[in-house]
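> Right, I'll just put the structure down here and ask away after.
The values are calculated or read from the model by the stated rules, or taken from the named source; none is laboratory data. Every value quoted in this text rests on a predicted model; they were computed, and no experiment measured them. Because the Cβ atoms are built from the backbone with ideal geometry, glycine has one as well, and the counts that use them run over all protein chains shown. Surface areas here come from the heavy atoms of the whole protein model, side chains and all, with no ligands, DNA or RNA. Shrake-Rupley method; radii C 1.70, N 1.55, O 1.52, S 1.80 Å.
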Amino acid sequence: MIEQFFPNVNWDTMFEATYETVYMTAISVAITAVLGILLGLLLFLTSKGNIWENRGVYAITSVLVNIFRSIPFIILIVLLIPFTRFLLDTIRGANAALPALIIGAAPFYARMVEIALREIDKGVIEAARSMGASMTTIIFKVLLAESKPALVSGITVTAIALVGYTAMAGVIGAGGLGNLAFLDGFQRSRDDVTLAATIIILLIVFVIQFIGDFFTNRLDKR
């Protein structure tokens, strides 16, 4: 039955492309989450009225975040080709897409982290400081603990964006479903291949959204 609707689809190749897309998304989401939280904390803590208030550090970090957040992803991939070649000695394949995916997504998530931290009641932070809590305690027991639902919601949105980024990266040879849909589908006028790749990408997005919503609701105590 499936073969009737998708006569040109090589399912072994499709499953391999799906694995590459999931691999690129999973690795980049994990690293983006760490870098985004670190950058978001730095932006929050060095902003006006906060514990590490430092206008210079905040301004430099904010400008860098805004620059990399604003560059269209397809252009960012091209700009990072020399860096990617230096780092991995290649610009093709799933691993070659990771630097651009991470650099493109981490600043985006960092802003979401900063927004989440700003929504925490400052009274809670001041109470922790007045009781002599260490900076580590304030970061892990107050800031990150209080903002967990927003952080999970933010990384869910970022992960979905990264799925789209992997499709764009595939167009220039990074592999995955985007690469398959473009080369084997669009360029060879095989609409069924493009459609199959699109459906699988949508399923991946739906799964990510479901998982993200589940954990967000579990963590939200309101």
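> Scan the helices (runs of 4 or more DSSP H) fully inside the stretch 1-75 and keep the ones with 3 or more residues being more than 18 Å from L151 (Cα to Cα) and at pLDDT 90 or above. Walk me through how you get there before you give the answer.
Working: elements: 2-5, 11-45, 55-70.
So the answer is 11-45, 55-70.
> Looking for something farther than 20 Å from T46 by Cα, open to solvent by 50 Å² or more (accessible area, probe 1.4 Å) and without any contact (Cβ under 8 Å) to a residue 24 or more places away in the chain - is there at least one such residue anywhere in the stretch 143-156?
no
> Let me ask you something else. Restricting attention to the stretch 174-207, which residues are of a type outside the set (A, V, I, L, M, F, W, C) and part of a helix (DSSP H, G or I)?
G176, G178, N179, D184, G185, D191, D192, T194, T198, listed by residue number.
> Which one is farthest from the chain's Cα centre (by Cα) among residues in the stretch 129-153 that are assigned to a helix (DSSP H, G or I) and among the small types (G, A, S)? Even if it seems obvious, please write down each step before you answer.
Keep residues of the stretch 129-153 that are assigned to a helix (DSSP H, G or I), which gives 129-130, 135-146, 148-153.
Checking the rest, the ones that are also among the small types (G, A, S) come to 130, 145, 150, 153.
Numbers: S130: 36, A145: 21, A150: 15, S153: 12 Å.
Within the stretch 129-153, the match that is farthest from the chain's Cα centre (by Cα) is S130.
> Is it the case, given these coordinates, that E119 is open to solvent by 70 Å² or more (accessible area, probe 1.4 Å) and within 16 Å of L143 (Cα to Cα)?
yes
> Looking for whichever is open to solvent by 60 Å² or more (accessible area, probe 1.4 Å) and aliphatic (A, V, I, L, M) here; the options are V207, V163. Which one fits?
V207
> I'd like the full set of residues that are open to solvent by 40 Å² or more (accessible area, probe 1.4 Å) and either modelled with pLDDT of 90 or more or on the phi > 0 side of the Ramachandran plot (or both), limited to the stretch 184-200.
S189, T194, L195, T198, I199
> Take T216 and decide whether it is of a type in the set (S, T, Y), out of contact with any strand residue (DSSP E or B) (no Cβ under 6 Å at 6 or more places or on another chain), within 19 Å of T13 (Cβ to Cβ) and outside any loop (DSSP other than H, G, I, E, B).
no
> Something else now. Do you know which residues across the stretch 69-78 are free of Cβ contacts under 8 Å to residues at least 40 places away in the same chain, surrounded by 14 or more Cβ atoms within 10 Å (Cβ to Cβ) and farther than 13 Å from I172 by Cα?
Residue satisfying the conditions is I71 alone.
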